[in-house]
Amino acid sequence: MTDAPPAFELLPGAPHSPVLLHVPHSSRTVPADVRPGIVLSDTELERELDHMTDSHTAEIAGRAAALAGLTPWRFVNRASRLVVDPERFPDEREEMTAVGMGAVYTRTSHREVLRPDGTDPEPLLERYFRPYARAMTEAVADRLAATGRAVIIDVHSYPTEPLPYELHGEGPRPPVCLGTDAFHTPPALLAAARTAFAPCGETGLDSPFGGTYVPLDFYGRRAEVGALMVEIRRDTYMTEPGGPAGPGLSRLAESLAALVDSVTA
């Protein structure tokens, strides 16, 4: 038995809402039994969490859910992405493996050692990654069964200046980056997001981060599953790195709520 908090949480919304706000990278929690596998000192780990955590994104999603006319569902990762990253492919399809950031990270944001070479990812995949993937799959299937469709809106943030681990950090870094998928991001969803986030500044597409998260059971197969990634530049709402939120958070929550409302209508 363990007294560790749950690794993820599904927060119910309205029965007829198709929207699932997905918040995968907001937590700084590294369970005590995972900590020994990370070679960083406590001070170094805190700094790495500052850089890699999408701070306050769970609060943005929570506020948006409270503001929305029809409450969306929320799926929130309660463990740090340094435990496992639930949005990575767990195999050779994952391009971030090239910089030691597959589903189980072995390198830091600055390409330094996070876990020793030769670390077996399987125990963490089995304990954290696969249960998360199954639960997200079930949450999406539930929205499909209840409403005939599902809309996954991924809530992320990114630093104002590129970090060394970024593979595509040389491109534009707008206040709001919208990550898309050719199959799962219909034009109407993208247009709704551009309108909703207009009060927050310029919106860009797929730079510095692109793509969307869709559980593999539906990926490329079920067009009824829409998906969009919302990447918010951190200087628009918080002190970097890892500092407190500022007044910009409320504006972002209002824009996210507006997107939820337009999708739900």
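Annotation for Glu9 and Ala265: the two label points, set 7 Å from Cα along the Cα-Cβ direction, are 3.2 nm apart.
Using a 1.4 Å probe on the protein chains only, how many percent of the accessible area of region 106-265 belongs to carbon and sulfur?
Numbers: 3770 of 6850 Å².
C and S atoms contribute 55 percent here.
Heavy atoms of the protein chains alone define the surface here; on that basis the chain has 43 Å² accessible area per residue at 1.4 Å probe size. What do you get for the angle between helix 57-67 and the principal long axis of the chain? Use alpha-carbon atoms, 0 to 90 degrees, nearest ten. It works out to around 20 degrees. Annotation: average projected area of region 82-199 is 9.2 square nanometres, based on the convex hull of Cα atoms across all directions. Nearest 10 degrees, 0 to 90: what angle lies between the long axis of helix 248-264 and the longest principal axis of the chain (Cα atoms)? The answer is roughly 50 degrees. In loop segments of region 172-265 as defined by DSSP, the GluC sites (Glu not before Pro) with at most 15 further C-beta atoms inside 10 Å of their C-beta are Glu202.
Calculated on C-alpha atoms, the gyration radius of region 162-265 divided by its Kirkwood radius gives an Rg/Rh of 0.99. Computed from Cα positions, the angle between helix 130-147 and the longest principal axis of the chain comes to roughly 0 degrees. Fraction of C-alpha pairs exceeding 36 angstrom in the chain: 8 percent, rounded to a whole number.
The values are calculated or read from the model by the stated rules, or taken from the named source; none is laboratory data. Remember, it's a predicted structure, so these values are computed and weren't measured experimentally. As a convention, Cβ positions derive from the backbone with ideal geometry for all residues, glycine included, and neighbour counts pool all protein chains shown. Side chains included, ligands, DNA and RNA excluded: accessible areas come from the protein's heavy atoms. Shrake-Rupley method; radii C 1.70, N 1.55, O 1.52, S 1.80 Å.
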